[in-house]
Structure formats: C-alpha cells, structure tokens
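Student: What follows is a single structure, and I will ask about it in a moment.
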Amino acid sequence: MKLQSRRQLASVTGVALVSTLALAGCGSNNNTTASSTASSSASAAGGSSSSACPTGTLNGEGSTAQKNAIQQVIADYQTTCSGATVNYNATGSGAGVKQFTAGQVDFGGSDSSLKSTPTAGTTGTEQTNADKTCGSPAWNLPMVTGPIAVAYNLKGVPKLVLTPSVTAKIFNGAITTWNDPAIAAINKGVTLPATPIKIFFRSDESGTTDNFTKYLKGAAPSDWPAATGKKWTGKGEGKQASSGVSNAVKSTDGGITYTEWSYAKDDKLGIAQIDNGAGPVVLSGPAVSKAVSAARQTGAGNNIVLKLDYATKVPGAYPILLVTYELVCSKAKSPAKVALLKSFLTTFASTGEQTKLQDIGYAPLPASIQAQVNTAIAALS
Amino acid sequence: MSTITGVSTVDELPDPEGHGPFEGDRASTGRLGDRLFGGTARGAGVLVIAMVTLVAVFLLSQAIPALAADKVNFFTSTQWNVDATPLQFGIANLLWVTVLSSVIAMIIAVPLGVGVALFITQYAPRWLSRPAASLVDLLAAVPSIVYGLWGLQVLGTHMAGIQSVLERLFGWFPLFQDAGIDASSTVLTVSVVLSIMVLPIVTALSREVFAQTPTLHKEAALALGATRWEMIRTAVLPFGKPGIISAAMLGLGRALGETIAVMVILSALADGTPWSWSMFNGGETFASKIANNAAEFDSPQKAGAFMAAGLVLFTLTFVVNAIARVVIERRKVFAE
C-alpha cells in the first residue's frame, strides 16, 4: 500500500492508534453479564464429568436479587457436570413471573411467591395462570435468602442500633437528624452528630423495597401507615438499582438506605443492628437463617410459600430479609429436562452450596426449610 | 432503403450489440432503471411513514384504556398510583422535568455547538479543522451509560459550588430555589450532561451547513469592507439558519428521549413531595420513568399508564419538530 501523502500517513496512524486502544480495552472478561452462559471451559479445573450428570440446557429468568447466588451455583454445577448448560437471565421478578406463566422458561426466579389474589385488569391469579400453563400445580421453592441491611454512612459512628419503630420513623421522615432523642435513647454511650438524615430509596420497582416495607409494616404498624409494595412509599431521594443507592450513601455523610447485604459490605457502609424486642442482632448468615426458621408455611404440600414473621422476637434472629423462590412446574412440560432440573435444584439446595453463598452476602437455608425443599425437588416429575 | 425525409435506417435495423430498434441497453438511463430507483425511493418513504404511524397507533391503543380509567386529570396531577385501583396518574411532574432539562441543555449546547462549527469552518487553519471535527464527533460515540456514571461521580462533585452561587444570587426566583437535593443529582446536572451529548449533533450539522456557504456571498461581504465577524454575521449565519434549526431540533429530540444517563444521575422524588419549579430539584423524565419500571409491567392497565406517558413524549417531539419545520420553511422563502 503506497502512501501517497503525509495526510494519508497521518490518518492511517490515527486509525491504528485508535484500534490499538480499543483492542487493549478488551481485557479479560470478568463475566458480569446478566445472562450467565458460562460454558464448560472449567474442564481444565480437573472437574470430574460425573456420568450420573444429566445433559441438556435449562433456561431460567427472573429476580435480580438472586443473580449473584445463582451465577455461583451455575458455575459450580457446570464444573462438575460439563454436559449441562444452565442459563439465567436476571430481568426482574415481574418479568420472571410473566415468562414462567407464559411457559417460556423452565424455571422462574421471584422475590415474592406467585400471587393468589387477582391483579387489576387480568383474569385469574398468578398462581392459577401458572398452574394452567404447567398443566399441573406450579410450586414455589424458596432457595435463596437475601438479608436486607439498613446501611448508613455516619462519620464517627461505627455501631448503630435501631428498633423497628425508630427505623419506620426515620424512613418516613418523622425523625430528621441523627442526634434525635429517639435514636440516642437506644444508642446509649454513642455520640451522635447533628447531621441531617438523608434517605435514599430504590427508584425502580424492586423486591427489596417490597420486603423492607413489609418488615416496617409488620414490625411497627403504627409508625408505618403507608402501603407496602415494590414501589417506595416513604420519603427520600430515589436512586436506580442497589448499586445506585449504595453509592449514594457512600458519598453522602448522614445517608441511610436499605439494600442487599452484599452491596453494603462491598461499599463498606455501616450496617445497623436491629433490635426487634429481643436485643440488638448483628447481621450474619446464621441470624438470618433463624428468622427464616420462624416463618410459617402457607402453601399446601410441596408448594412452599413462606409467610415471614417480621415481628419475630426469637433471640438472635435478624428479621429483615427477602426470600427468592424458584418457580417450577410439578410435572414438567418437557420430560427430557426433568432430570437436569432436579439435579440442578438439588445442588442449589445442598448444604455445601448454601454455605458458600454466605461469602457473597446471602444466608443459608435453615435445615427445616432445606428438608422441605429437598422433598419437593424429589417429587418433581 | 428509402429516402423519405424523417425516416432513417437506424430506426429500423438492430444496433451493433444486437438489441432491437428503440431499445438501448436498459442501463441506468433507461426506463427500467428509472422505474426501479423511483420505486425504491418511494417505497423507503412509505415505509418510514408507515413505521411512524404504526408506533403512534401502538401507543394510542395501549394508552387509551388506561387513560379512560384514570380518575384524576392526566395533565395536571402529580400522583402516580398505577398498581392498585382506583387508577390515578398524572404527568405534571414528568412533563416539567423533561421540558426543563431539555431546554436548559439546548440553551447550553446550541450556542456552544454553533460556535465550535464556526471555529472549525471559518477560523481554524486547515491542519486543525479536520482533527477538531473528528474529536467533537467522537463525543457522539461515548455510550450513554458512561455519560451517566461520569456525570454522577465526576461532574456532580463540582456542581455544588455552581449551585450555591446561583441559589445565593437568584434564590428568590422559583426556578433557582433550593429543594434539598444533593447537587450531583439535580435537573441542572442532568442538563449539563445532556448538553454534552447533544453537542456533537449540533456541531456536525452546523459544520456541514456553514461549509456550504457560497464563497461568492462571503467574498462580497469582505469586499464591501466587513470584518471577519461581520462577514459571518451577514453571509454565513443567515445562510445557515435553517440548518442550525434542524440541528437544534435533532439535538432536542435526543435530549428529550435520553434515558440511561438521566436514570443514573437524577434522584427520583418520593410520592407526596411538594411541587417545585426549581432546576435544583430531582424527579424523573418520561423516558427514565418508563425505563425504571419496564420490568414490572404486571397488568395491561399498568403498562397502559406508562404508554400514555410515552405517547405524550412522542407527541411533544412531533409538535416541536413540526414547529421547527414551519420556521425553516418560512426562512427558506426569504433566503432564496
């Protein structure tokens, strides 16, 4: 290629420079994509391809709260079972329920169980519509417990205790400064500054908001008269997604929000200890599992719908959490996938995987619920 | 062979390539090429019009049932309860934030863009104008999410100073009142980021138009004793006005519809926050509100409410573009 002028040389050099910069940006991909299609490149890890492992592809969709948990389980599962591919698309609980009820995915992930009350403008309820699509009862299997931390950023206050009533008052604007007598009364010996409280909430509809408002209403009904739901009904500034609220609190002195435990830990925010009436409880995996054990089952048989007791006074139980359910058909529409689904769900519910999830900010299923889930998985056909 | 006047053997015999008389080789100057090209152009035009019409029909069909069920005035209400019956939703907040952020963005971007275009075409030496043009065009290649993150974390930290100065000087005017929102997440910050996003569009189009200015007009102005600025004012700018208006309208379309950057930067407001005209307030635009809630469209009624908001945005952009077209047509008549 004969370069005819200095201008051509300059433009070619420019293109070469830009493409070098662009290609240098294509470093190692740290798989942060929502759709985790981790292929079996982990065969180098020496994972034994167990001959008892079924092969095939599973497609799931739904909750973003369980995204990190399910991605880790999928990665582990595909290491041991190299013939299997599991895809999970974290598009939100609403989309997950919709896709599952439409029969588009093999299993769904949702922060709340299929509703048994009709929504305005649709026929039937989510549960009945799912049953109809499956041709058999659709089951809600609780699989991932996500603790919700009340995260704050207050200079010089590493430890903070909150009761449900004070938390509700803070989040609906009744208490406006950190050195309010109500907060000081439950934090004796801590000097609280006069910084104004800046509340941050989730501007997108989310299961975290749903469960947090349910906790406030359940544990402090007189202080939280507003409705519960995926849309925030308190005060404050709205930020997008958990990363948005956590970043906002991190950069604002006096900021407070409710967010998943992993985000609070990653951004090194202060995490309040919750006193539900039985003493302050530090947020930890076992504390959350204790609260889940106190839940009541309201579904029938293998449809394990848990009604969480947010006002629980079990000592050492951390009451603010969300449970993500895997939505499955009890009689699968495609029999070829049943073996793979059962195998994957069994791995998901196994003690080994559940304990590993603590490292990324989740709490393991308590033994009683785990046993029930295992029974239900075994009954899938 | 006859020797009758007006008749020639060429008209009766085949031509050297073997085609019959009066046929030619059907190349692009022939009838077939004309028909094909004209048909394709017409088809493309019809397709575009059809797509716009179909989008409008889709929005209307989704929105009308929800609008009919709305219990409060759609245009003046600030409520947004679309989950439960009774359905109550209004777009007053959304409309104001959308319009305010776009107008401020255009106020910043259009003079700046025209200035950059003038510099590139009229003032800059040849070796500088092309790289400068490429650099400005590169701004258009930056993804919207990157603008959002940059705006929140880098620009936002510097807005506090500007905000406090403006509040001190003009705080008595409703547009500049303090609203209690952190300076990195206000309508003003979003407007600045939007103006940067709109700048390459305005600059690129203005640049093209200014480069087309007839040299004769420019030389005539200079010959009559005009300075460089007077020449630009009398020869270049009037010629380029329709182009600048087109550029501004395209930029406004981008600013009105910008979603991700607004979602990341702007703080949403809780229900029941008192109304404020201020540019230091938070809020949501049409696009960011729809995008924030798109995953949770549980029922057709809920989706319909958001579609109604989208319909308002669609109509707003349409009306603004129509006004711009009228203005351009009127100016064109005088410029010919």
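Student: Please give the number of the condition B:G251 fails out of (1) more than 14 Å from chain A (Cβ to nearest Cβ); (2) part of a helix (DSSP H, G or I); (3) under 26 Å from B:S77 (Cβ atoms); (4) not hydroxyl-bearing (S, T, Y).
Tutor: Condition not satisfied by B:G251: (3).
Student: How about segment B:293-318: which of its residues are among the polar types (S, T, N, Q), free of Cβ contacts under 8 Å to residues at least 60 places away in the same chain and more than 8 Å from chain A (Cβ to nearest Cβ)?
Tutor: Residue satisfying the conditions is B:T315 alone.
Student: Looking at segment B:259-270, which of its residues are assigned to a loop (DSSP other than H, G, I, E, B) and either more than 14 Å from chain A (Cβ to nearest Cβ) or in contact with a Gly (Cβ under 7 Å, 6 or more places away or on another chain) (or both)?
Tutor: Correct list: B:L266, B:S267, B:A270.
Student: Give the residues of segment A:82-118 that are among the aliphatic types (A, V, I, L, M), crowded, with 24+ Cβ neighbours inside 10 Å and either part of a loop (DSSP other than H, G, I, E, B) or more than 18 Å from the chain's Cα centre (by Cα) (or both), sorted by residue number.
Tutor: A:V86, A:A90, A:L114
Student: Restricting attention to segment A:255-265, does a residue exist that is part of a loop (DSSP other than H, G, I, E, B) and touching a residue at least 12 places away in the same chain (Cβ under 8 Å)?
Tutor: Initially, segment A:255-265 is screened for residues part of a loop (DSSP other than H, G, I, E, B), giving none.
Checked against the condition, which is being part of a loop (DSSP other than H, G, I, E, B) and touching a residue at least 12 places away in the same chain (Cβ under 8 Å), segment A:255-265 yields no hits at all.
Student: Looking at (1) within 9 Å of chain A (Cβ to nearest Cβ); (2) touching a residue at least 12 places away in the same chain (Cβ under 8 Å), find the lone condition where B:T273 falls short.
Tutor: (2)
Student: Moving on to the next point. Counting just the residues of segment A:222-254 that are in a loop (DSSP other than H, G, I, E, B) and of a type in the set (A, V, I, L, M, F, W, C), which one comes out modelled with the highest pLDDT?
Tutor: Looking at residues that are in a loop (DSSP other than H, G, I, E, B) and of a type in the set (A, V, I, L, M, F, W, C), I get A:W224.
Student: Further question: Checking the structure you have, find out if any residue of segment B:206-218 is over 19 Å from the mean Cα position of the chain (by Cα), aromatic (F, W, Y) and under 25 Å from B:E329 (Cβ atoms).
Tutor: yes
Student: Can you tell which of B:V192, B:V209, B:V202, B:V236 is surrounded by 17 or more Cβ atoms within 10 Å (Cβ to Cβ), under 22 Å from B:L269 (Cβ atoms), away from every other protein chain (no Cβ under 14 Å) and of a type in the set (V, I, T)? Spell out the reasoning first.
Tutor: Working: B:V209 fails: under 22 Å from B:L269 (Cβ atoms); B:V202 fails: under 22 Å from B:L269 (Cβ atoms); B:V236 fails: under 22 Å from B:L269 (Cβ atoms).
Result: B:V192 is the single residue among B:V192, B:V209, B:V202, B:V236 that is surrounded by 17 or more Cβ atoms within 10 Å (Cβ to Cβ), under 22 Å from B:L269 (Cβ atoms), away from every other protein chain (no Cβ under 14 Å) and of a type in the set (V, I, T).
Student: Here are some residues: B:R31, B:R35, B:R42. Which one is at pLDDT 75 or above, within 28 Å of the chain's Cα centre (by Cα) and of a type in the set (D, E, K, R)?
Tutor: Only one candidate passes the filter, namely B:R42.
Student: Still on this structure, please answer the following. Identify all residues within segment A:199-229 that are within 14 Å of another protein chain (Cβ to nearest Cβ) and surrounded by fewer than 21 Cβ atoms within 10 Å (Cβ to Cβ); write none if there are none.
Tutor: Once the filter is applied, which keeps residues that are within 14 Å of another protein chain (Cβ to nearest Cβ) and surrounded by fewer than 21 Cβ atoms within 10 Å (Cβ to Cβ), segment A:199-229 yields A:D210, A:P225, A:A226, A:A227, A:T228, A:G229.
Student: Please count how many residues of segment B:78-111 are away from chain A (no Cβ under 14 Å), crowded, with 17+ Cβ neighbours inside 10 Å and out of contact with any helix residue (DSSP H, G or I) (no Cβ under 6 Å at 6 or more places or on another chain).
Tutor: Number satisfying all stated conditions: 3.
Student: Of the conditions (1) of a type outside the set (S, T, N, Q); (2) outside any loop (DSSP other than H, G, I, E, B); (3) more than 10 Å from every other protein chain (Cβ to nearest Cβ), A:V190 clears all except one; give me its number.
Tutor: Here A:V190 clears every test but (2).
Student: Let me ask you something else. Suppose the filter is more than 14 Å from chain B (Cβ to nearest Cβ) and within 21 Å of the chain's Cα centre (by Cα); does A:W178 pass it?
Tutor: Answer is no for this residue.
Student: Considering (1) in a helix (DSSP H, G or I); (2) within 14 Å of another protein chain (Cβ to nearest Cβ), say which one B:L216 fails and leave the rest.
Tutor: In the conditions (1) in a helix (DSSP H, G or I); (2) within 14 Å of another protein chain (Cβ to nearest Cβ), B:L216 misses (2) alone.
Student: Does segment B:213-236 hold any residues that are of a type in the set (A, V, I, L, M, F, W, C), out of contact with any Leu (no Cβ under 7 Å at 6 or more places or on another chain) and free of Cβ contacts under 8 Å to residues at least 60 places away in the same chain, and which are they?
Tutor: If the condition is that a residue be of a type in the set (A, V, I, L, M, F, W, C), out of contact with any Leu (no Cβ under 7 Å at 6 or more places or on another chain) and free of Cβ contacts under 8 Å to residues at least 60 places away in the same chain, then B:L216, B:A220, B:A221, B:L222, B:A223, B:L224, B:A226, B:W229, B:A235 are the ones that fit.
Student: On to the next question. Tell me whether segment B:47-70 contains one or more residues that are among the hydroxyl-bearing types (S, T, Y), under 22 Å from the mean Cα position of the chain (by Cα) and either loosely packed, with under 13 Cβ neighbours inside 10 Å or farther than 22 Å from B:S299 by Cβ (or both).
Tutor: yes
Student: Quick check on A:G96: is it out of contact with any helix residue (DSSP H, G or I) (no Cβ under 8 Å at 6 or more places or on another chain) and modelled with pLDDT of 85 or more?
Tutor: Criteria met by A:G96.
The values are calculated or read from the model by the stated rules, or taken from the named source; none is laboratory data. Because the structure is a prediction, the values reported are computed rather than measured. Note: ideal-geometry Cβ built from the backbone for every residue, glycine included; neighbour counts use all protein chains shown.
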